[in-house]
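The values are calculated or read from the model by the stated rules, or taken from the named source; none is laboratory data. As the structure is a prediction and not an experimental result, all values here were calculated from the model. All Cβ positions, even for glycine, are placed from backbone atoms using ideal geometry, and neighbour counts span all protein chains on display.
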Amino acid sequence: MYKVSVIIPVYNSEQYLRQLLETIINQTFDFKQIQVIMVDDLSQDNSREIMKEYSDKYSNFTSIFLPENNKVAGIARNEGMKVAEGKYLMFADADDFYPENAFEILYNSIEEKEADFITANYINADYDGTVWDNPIFDTKKYKDFKLDITDYTKSFFVLNSSACNKIFRKSFVDEHGIKFLERVPAEDAFFTTSCFMKSNKVYYVSKVVYCYRQRNQGNKKRKSVSFNCSRDYFSRINKAYKQIYENFKNNKHLSFYRYTYAKNMSYMLYKFIDSHALTNKQRTDVLKEMRWFYELSESLKVPAAQKCQRMIIDKILKEDYEEAINYCNIVSDIRETLPKEVRETMSRPDAKMYSEISKYDDEFKDK
């Protein structure tokens, strides 16, 4: 048995895959105790050749080749978990990379705490691998601590949706039959929050364990994924968000979901605002389909993060989609002139908004 199995979905990742694999090989943690499971989603570049090269060279590398492209990573991650032999599970995206002590930090933490899973700090990097100056979570404000699902401040804030800055006890995941959503985005948000709702012991570690590549930031030749979100993407994310909402509702954790929703609402609205891949008719169709999602802003008593968001959501709820789209276009033009750090900050709710949400916490207990 390996100590850790790391599962890597791969799709057209030849430009970055080697760097990720080399950062795993060169960990301070014993490399022989790491099972590396690469799952290709029918890549059209040289990703498969790179996978074969490494799995031929290293006995602890496994390559799985899926017969069709599934668009998102859920199926690849689930297939990887089927062959995982490690005591613990980790996940990585093929275009990201690890600090050299990431595995050591995560493994030692989950062993010491005997936790169901550990979530840790991470940091962004530019498309060329240049790491940003500051990690996502302020290391002075957020020290190591145990998470609690009734804590809507610290615990909520550090529990990001990604599975990549975490380590999970495999027996815990298997016991509860927790899987990633398939063929829809936000599959990792469903997985992570499902784990949190079923867990008894979860801890946050303030050390940086993951480098998340902003592949298209800072380079005009590389349009961001946000700019290319298609009609199909919004259709699938809509399905995912419904499943995530129902999962919280069925587990009677709407009180915590309100804070998760606040992040998702802001994130999704800016995805829509920034996308240049939609016709006006498609934009209208998306808003009609997702109107239920923005209605939750009222039923859950979660205000918008900024005034411009509130104005857009008001128009959506009134079914004045043409005016909502006009507002979106204005905000989009402004956002394209802003530095990446400002755009990143805009996409996250601030402390004032969370304070407004907290006023109604008692109304949603045990719901």
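Only one residue in Phe180, Phe157 is at pLDDT 95 or above and either aromatic (Phe, Trp, Tyr) or within 24 Å of Tyr354 (Cα to Cα) (or both). Which one? Even if it seems obvious, please write down each step before you answer.
On the way: Phe157 fails: at pLDDT 95 or above.
Exactly one of Phe180, Phe157 is at pLDDT 95 or above and either aromatic (Phe, Trp, Tyr) or within 24 Å of Tyr354 (Cα to Cα) (or both), namely Phe180.
None of Gln35, Gln15, Gln19, Gln27 is touching a Phe, Trp or Tyr at 6+ places or on another chain (Cβ under 9 Å) and in a loop (DSSP other than H, G, I, E, B) except Gln27. Of all residues in the stretch 252-287, those satisfying the criterion of being in a helix (DSSP H, G or I), among the basic types (Lys, Arg) and at pLDDT 90 or above are Arg258, Lys271, Lys281, Arg283. The conditions of being out of contact with any Pro (no Cβ under 6 Å at 6 or more places or on another chain), surrounded by fewer than 19 Cβ atoms within 10 Å (Cβ to Cβ) and either free of Cβ contacts under 8 Å to residues at least 12 places away in the same chain or under 25 Å from Phe190 (Cβ atoms) (or both) are met by Val83.
Hey, can you tell me all the residues within the stretch 50-76 that are without any contact (Cβ under 8 Å) to a residue 12 or more places away in the chain and of a type in the set (Asp, Glu)? Let's see the steps before the verdict.
The initial filter retains those residues of the stretch 50-76 that are without any contact (Cβ under 8 Å) to a residue 12 or more places away in the chain, namely 52-53, 56-57, 59.
Once the filter is applied, which keeps residues that are without any contact (Cβ under 8 Å) to a residue 12 or more places away in the chain and of a type in the set (Asp, Glu), the stretch 50-76 yields Glu53, Asp56.
Which ranges mark the strands (runs of 3 or more DSSP E) fully within the stretch 68-179 that have 2 or more residues being among the charged types (D, E, K, R)?
By residue number, 166-169.
For the criterion of being surrounded by 14 or more Cβ atoms within 10 Å (Cβ to Cβ), out of contact with any helix residue (DSSP H, G or I) (no Cβ under 9 Å at 6 or more places or on another chain) and of a type outside the set (Val, Ile, Thr), Pro135 passes. Screening the stretch 307-319 for residues that are more than 24 Å from Glu363 (Cα to Cα) and at pLDDT below 95 and picking the one that is surrounded by the most Cβ atoms within 10 Å (Cβ to Cβ) gives Gln309.
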